[in-house]
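The values are calculated or read from the model by the stated rules, or taken from the named source; none is laboratory data. Quantities reported herein were computed from a predicted structural model and do not represent experimental measurements. With ideal geometry, Cβ positions are generated from the backbone for all residues, glycine too; neighbour counts draw on all protein chains shown. For the accessible areas, the whole protein counts, side chains as well, though only heavy atoms, and no ligand, DNA or RNA atoms are used. Shrake-Rupley method; radii C 1.70, N 1.55, O 1.52, S 1.80 Å.
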Amino acid sequence: MWSFVSTWYFSKQAAQAGKAVLESGGDAMDAVIKGINRVESDPEVESVGKGGFLNENGELALDAAVMDGNTMKTGAVCAVRGFENPINIARAVMENTKHNILIGAGAESFARNMGIKESDMESLITDHARDVLKKAEEKGHDTIGAIALDSFGKMAVGTSTSGANMKLMGRVGDSPLIGSGFYVESGVGGAAATGLGEDIMRTCCSFRCVEFMRMGLTPKEAVEKTVILAHETIIRHGGKPDCIALICMNAKGEYAAAANHKGFTYAFADENTPPQVTEVTPIIDKDEDGPLFDGVAGYER
C-alpha cells in the first residue's frame, strides 16, 4: 500500500513522479523529493523554485523543508538564492547535520560544500516573475507541499516555496517551519499547509492536524477541524483570516484537504488511483460572512 498527495493543480506532475518511486517499492522521502523537484524546476509554476515570486529587491529567495516520519528528523532552509532545488539542500541538512534549519548565506555555503548543483541567480528569474513584481498589488503564496506513504509504512513530508510576492527581504513564511507548514509521524499521519504563512504560523496548522488524526479523527475530519479552528481563532482575536489550506494523510494512506477559500486544488495518487487533481469546496469562506457548512465532527461553535 502506498499513497501520495500534494498541494495545487500544478503538483500533478509531482504526484506522477512520486508514483513512479512508490509503485516500484521506493522510499517515501525519495518520492517527496523527486515530486517536489519536478515542480521546482518548472518555470511555469510562479510560486516555487525557478520562476518563483521575487522579493521587494527583485531577488528570488527560496524556502524548503523535509521531515522523516520514522526518525522525526527534519531539515529546512530559508532565503536561499542561486539554487533551483532548495528541497535538496533541506534534505542534506536533515541527513548531514545536527541542525534543523540553515538560512541565507549559511545554507548556500553548506549546499556548495555538499556538492549540490548551483545555478546562476539570474537564470532562475523569468520575465514573468519580473512582470508580476511590477504589479505590486498582485498577491501570491502557493507552496508545494507533498506527503508520501511507502509500502513499508514510512511517511515523509516536504515543502518548497518562493514565499509571498514582494515579500520583505528576510521574510520567512510557514513552509520551512516544523508544525506550521509541515509535520509527519509514521504510524499517525502527516500534513502540509499552503496560504498566507503568517496566519498558518500563528495557529500551528500542520501539527494540530496530525494531532487530531492521532486522537482518532479521519483525515477529512482532522483537516476540516484544523481549518475552522485556525480561521475562527484569528477572528476571535481581532484579525481577518487570509488564505489557509491544508492537505493531510493518515497512516492508512487515506488523504483529505480543506480550505477557507475558493479555488484550492490538490493532486493525489495511490495504488488504486492514477495521478489526478481535484478542487476543494471550502469548509468555511474567508470572503463570506459565515461558514458554508454547519461544522465538523468534534467541534462545537
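With (1) in contact (Cβ under 8 Å) with a residue 40 or more places away in the chain; (2) open to solvent by 30 Å² or more (accessible area, probe 1.4 Å); (3) of a type outside the set (A, V, I, L, M); (4) assigned to a loop (DSSP other than H, G, I, E, B) as the list, and Lys117 as the residue in question, which single condition is left unmet?
(1)
As an exercise: evaluate Glu221 against (1) closer than 16 Å to Met67 by Cβ; (2) surrounded by fewer than 24 Cβ atoms within 10 Å (Cβ to Cβ) and give the number of the one condition it does not meet.
Unmet condition: (1).
Which residue is least open to solvent (accessible area, probe 1.4 Å), if the candidates are limited to the range 28-55 and must be charged (D, E, K, R) and either in contact with a strand residue (DSSP E or B) (Cβ under 8 Å, 6 or more places away or on another chain) or without any contact (Cβ under 8 Å) to a residue 60 or more places away in the chain (or both)?
Glu40
Could you give me the residue pairs with C-beta distances under 8 Å whose first residue belongs to the range 134-145 and is within 13 Å of Gly52 (Cα to Cα), whose second residue is at pLDDT below 85 and surrounded by 14 or more Cβ atoms within 10 Å (Cβ to Cβ) wherever it lies, and which are 6+ apart or on separate chains?
Taking only residues 6 or more apart or on different chains, the pairs are Gly140/Val132.
Can you tell me how many residues in the range 187-216 are in contact with a Lys or Arg (Cβ under 7 Å, 6 or more places away or on another chain) and open to solvent by 30 Å² or more (accessible area, probe 1.4 Å)?
Of the range 187-216, the ones in contact with a Lys or Arg (Cβ under 7 Å, 6 or more places away or on another chain) are 188, 212.
Remaining after also requiring open to solvent by 30 Å² or more (accessible area, probe 1.4 Å): none.
The number of residues fulfilling the criteria is 0.
Filter the range 83-107 for residues that are within 21 Å of the chain's Cα centre (by Cα) and of a type outside the set (A, V, I, L, M) and give the result. Can you show your working first?
First, the residues of the range 83-107 that are within 21 Å of the chain's Cα centre (by Cα): 83-95, 99-104, 107.
Residues satisfying the conditions are Phe83, Glu84, Asn85, Pro86, Asn88, Arg91, Glu95, His99, Asn100, Gly104.
Looking only at the range 23-57, how many residues end up being touching a helix residue (DSSP H, G or I) at 6+ places or on another chain (Cβ under 6 Å) and assigned to a loop (DSSP other than H, G, I, E, B)?
So the count comes out to 6.
Would you pick out the residues in the range 144-161 that are under 22 Å from the mean Cα position of the chain (by Cα) and either more than 18 Å from Ala192 (Cβ to Cβ) or at pLDDT below 95 (or both)?
Within the range 144-161, just Gly153 meets the criteria.
Tally the residues that are over 16 Å from Tyr183 (Cβ atoms) and buried (at least 17 other Cβ atoms within 10 Å of the Cβ), restricting the search to the range 233-270.
Number of matching residues: 16.
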